[in-house]
1. With a point put 7 Å past each Cα toward its Cβ, work out how far residue 63 is from residue 103 in nm, to one decimal.
2. Can you pull the three principal axis extents for the Cα set of the stretch 4-113, in Å, largest first?
3. Would you calculate the separation in nanometres between label points at residue 76 and residue 220, each defined as 7 Å from the Cα along the Cα-to-beta-carbon direction?
4. Is there a quick way to get the dipole size of the stretch 4-113? I mean about its Cα centre, with the Cβ of Lys and Arg at +1 and of Asp and Glu at -1; what is the value in debye to the nearest 20?
5. Taking R0 as 22 Å, what's the FRET efficiency between residue 20 and residue 54 from their Cβ-Cβ distance, rounded to 0.05?
6. Less than 10 Å Cβ to Cβ from residue 80, Lys/Arg counted +1 and Asp/Glu -1: what total charge do the surrounding residues give?
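Read-outs throughout are calculated quantities, based only on the coordinates presented, and are distinct from any laboratory measurement. Since this is a predicted model, take the numbers as computed values, not measurements. With ideal geometry, Cβ positions are generated from the backbone for all residues, glycine too; neighbour counts draw on all protein chains shown.
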Amino acid sequence: MAGVLYIVATPIGNLEDITLRAIRVLKEADLIACEDTRQTQKLLNHYGIEKKTVSYHEHNELTRAAELVKDLEEGMQIAVVSDAGMPGISDPGYRLVSLAVRHRIPVVPIPGASAFVAVLGSSRQVVVAREVTKMHEEFLRGRADEVLEQLQARAEVKGEIVLMIARATEVADVEPDPKNIAARVRELQSAEQLDEKDALKRAAKEFGVSKSEAYRELQRTK
């Protein structure tokens, strides 16, 4: 019976930023594949985990991935960790996961602290959608290229992070579409019998802009 490949997120700066589930998986694994065994050993020592480790990084992943898949096929439980964060995003892990999937080996992600979520949560440069509503879908539908172009133009240090999330249509740092704001105001007036002031207030909140900005956009369509 084949083993299981666990993709384990590790702390991104503070050793306490790790889940109880991740600690349990690391303790139960037969082998831990590490981007840097010395870095991972600090984490293991902190939580009293004594396990065999093996290096798995960008310079040896082509050959090491095949070796690990062979171990998995023989029934081993293997945990993959990077120096910080989730393996397979910007760190080694993609090749191993792809190979495991092709060999029909179960791959189980163990989530944890996320650098780009932490950045987005404290940034004023992006808008994080809390839920995907019909309005948001209509706002982004057919504008994927435009959204990405604007994001690329504004991207600085965190550009790659912003673009990656935008592709999942969870983040859009773009100017509000005046036609959509106006359409939403009219929809609220018709469907919920709101006067223009209340409808404008609701639309502004939904689009994540101030009432004065929404009002200016509305006036541009009249």
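1. 1.7 nm
2. 34, 25, 21
3. In this crude label model, residue 76 to residue 220 measures out at 5.9 nm.
4. Numbers: 12 positive and 15 negative charges, 42 e Å.
Using only the charged Cβ atoms, the result is roughly 200 debye.
5. Numbers: r = 25 Å, r/R0 = 1.12.
Efficiency at R0 = 22 Å is approximately 0.35.
6. Numbers: positive: none; negative: 35, 91.
In short, -2.
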